[in-house]
Structure formats: structure tokens, C-alpha cells
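**Q** Take a look at this one; I'll ask things after.
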Amino acid sequence: MKKQLGKERYFVEKLDLLYEGKAKQVFLTDDPDLLIVDYKDDATAFNGEKKGTIPGKGAVNNRMSNQFFRMLEKKGIPTHYVQELSDTETVVKKAEIIPLKVIIRNVAAGSFSKKLGIEEGFQLLEPTLEFSYKNDALGDPMINDYYAIAIGAAQRNEIERIEELAFQVNDILKEAFWNLGIRLIDFKIEFGRYKGQIILADEISSDTCRLWDMETDEKLYQDRFRHDLGEVEGAYQEVFRHLGL
Ligand code: UDP
């Protein structure tokens, strides 16, 4: 059965499973330019070494990501978002994913702190960006722009556009979280090619952002799962409340 997409009166039919990742299933549709993403309740951390299921997580991440994508679109960032279909399903543009994880950091934490021996919580003098090459078997090794171009992951002009968009996304998200009393420590985004344009793809959710409470520096959401800080399910619901979803 075709589902009606809100006001646009656009219809799309969910067809075969195209791909299943750690957190999402991706389905083909009867429109070759569109896919349907279905968020799962499965949780992983540390490159899949830690696994679990958190009831309701798929719905929270789907709605949170969509909320951000709509906000970013309004501010001029091109994204793959088309329309939310249900609690866990969203129609997105079928972009050709660029195999780079783009990580933006505002505050030292996680692998950055470990690698450089810089205390978690150190406010970076300016936001910084790193790339890793999306490859599970290799553990997503960190690479630079020269590597990315040399291995054919992206072209120079694409890298420049990705960097420009990534810092713009950071400014927008940082402010949005700040207004909610949350510090955006770091996050990961991905980009794709769609009809000759670079667009923001994948997701922006509590799984891909490191968020700390502004007053207390309490680690919110994702870090709780990673470090067994408990209350994981409640923490995902808390995202909802915090974001007014
Ligand atoms: N991140 C992600 N997926 C990845 C790798 C990193 O979403 O495969 C996010 C992570 O959640 C954090 C940021 O990118 O918000 C920086 O991650 P870091 O390199 O510090 O790795 P970690 O120490 O979190 O494993």
C-alpha cells in the first residue's frame, strides 16, 4: 500500500530492503530517487563491540534527526530529508553516500582526548574537523583530505563543500542545543551526492552527538550507554522532552 506524504500529497511505496546497518534498515521505494529509512531499537557502541536494545530508541532518533534536518534545511543546509512517515520511518533522497565520517569537535572528549592526551572537557580554541574512512573491517581509520582525494572517496571541490557545510551545521546545532541548556561537545555527520549537489545525509541523533548538560557537565544520552551510567531508556525519552518533540 502506498503511504501518503503529508501535505505534499506525494505517494511512495516501500519496496525491498536495500541495506541493513547497526541502527537502521533502508528500503527501496517505487520512486528511484527516494528511499525509506526505518530506525531500529538496537544500540551499539565502540564500533559494534557493545550491543543492546533500547525500547523506543528508534523512534526517538528518527524524530530527533528529522527535527534537526528540517531546522537545517530552513537555514539553507541541503539535506536528504523528505518527510517523516511514522515514528520510525522517514522518506529520504537516495544520495550516493561519500564514504567519510565527518567529525566536528568543540570540546575535547573521547578518542580525541585519548589520542592527544588532552583532558576531556578542554574547550578547543576553535572547532575542529576530522575525517575517518568508513570501513568497518578496518575500524574506520582516521584519514585526511589528501588521503580522501587520493583513494577516490571525494574530489577536492567536494571536500571543500563538505567542510564548509559541516562547520555551518556545527554553528546551527551548537546554538540549538545551547538554547536547550545542552553543550554540543562533538558529533559525526555524513554527506552524499544527489543530482550534482553535496547534501547532508545519514542522521543527527543522540547516537551521533556527544551532549553534556550545560550546568553540570553531566553526560547525556549516548555516553550513558557507552559507560554503563544507567537510565539509558529514560535518557532517550529525556532527549524527546528536552527537544520539545
Ligand atoms: N561518532 C559516531 N559514529 C562513529 C564514530 C564517532 O557517531 O562511528 C561520533 C561520536 O558519537 C562522537 C563523535 O563522533 O559524538 C566523536 O567520536 P570519537 O572519535 O570521540 O569516538 P568515541 O570516543 O566517541 O568512540
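Every number here is computed from the coordinates shown, using simple stated rules; none is lab data. What you see is a predicted model, and the numbers here were worked out from it, not measured in a lab. Note that we place each Cβ from the backbone using ideal geometry, even for glycine, and neighbour counts take in every protein chain shown.
**Q** Name the shape class, rounded, prolate or oblate, that the alpha-carbon gyration tensor gives for the range 133-183, where a ≥ b ≥ c are the square roots of its eigenvalues, rounded holds for a/c under 1.5, and otherwise prolate holds if a/b is larger than b/c and oblate otherwise.
**A** Since a/c reaches 1.5 but b/c is at least a/b, the shape of the range 133-183 is classed as oblate.
**Q** Might you report the magnitude of the Cβ-based charge dipole of the range 47-105 about its Cα centre, with Lys and Arg at +1 and Asp and Glu at -1, to the nearest 20 debye?
**A** Rounded to the nearest 20 debye, it is 240 debye.
**Q** Sticking with this one: Mind listing the phi-derived Karplus ³J(HN,Hα) values for the range 168-181, rounded to whole Hz, using 6.51, -1.76 and 1.60 with θ = phi - 60°, and x for any glycine or proline?
**A** Coupling constants for the range 168-181: 5, 4, 4, 4, 5, 5, 4, 5, 4, 5, 4, 5, 9, x Hz.
**Q** Here's another thing I want to ask about it. So which of K51/K174; K40/K114; K57/K101; K22/K174; K51/K93; K24/K134 end up more than 24 Å apart by C-alpha?
**A** K51/K174; K40/K114; K22/K174; K51/K93
**Q** For the range 153-205, just say rounded, prolate or oblate: build the C-alpha gyration tensor, square-root its eigenvalues into a ≥ b ≥ c, call rounded for a/c under 1.5, and beyond that prolate if a/b exceeds b/c, oblate if not.
**A** prolate
**Q** Pick out, in residue order, every one of the GluC sites (Glu not before Pro) in the range 78-185 that is DSSP loop and has at most 11 other C-beta atoms within 10 Å; say none if there are none.
**A** E119
**Q** Which order do peptides 195-202, 13-20 fall in by mean Cβ count within 10 Å, highest first?
**A** By packing density, highest mean first, the sequence is 195-202, 13-20.
**Q** Turning to a different aspect of this structure: What are the chymotrypsin sites (Phe, Trp or Tyr not before Pro) within the range 85-169 that DSSP puts in a loop, where the Cβ has at most 16 other Cβ atoms within 10 Å?
**A** Sparse-neighbourhood loop chymotrypsin sites (Phe, Trp or Tyr not before Pro): F122.
**Q** Follow-up. Just going by the charge dipole of the range 83-234, with Lys and Arg at +1 and Asp and Glu at -1 on Cβ, which of W212, N170, L138 is farthest out on the positive end?
**A** With unit charges placed on the Cβ atoms, the residue in question is L138.
**Q** Right, next: Under the rule of at least 5 residues apart or a separate chain, name every residue whose amide H is placed under 5 Å from the amide H of L124.
**A** V107, A108
**Q** Taking the range 50-171 as the region of interest, what is the percent of Cα-Cα pairs per 10 angstrom bin, listed from the shortest bin to the one with the maximum distance?
**A** Histogram of Cα-Cα distances, whole percents per bin: 11, 31, 40, 18, 1.
**Q** Rounded, prolate or oblate, given the Cα gyration tensor of the range 36-85, with a/c below 1.5 counting as rounded?
**A** It comes out prolate by the Cα gyration axes.
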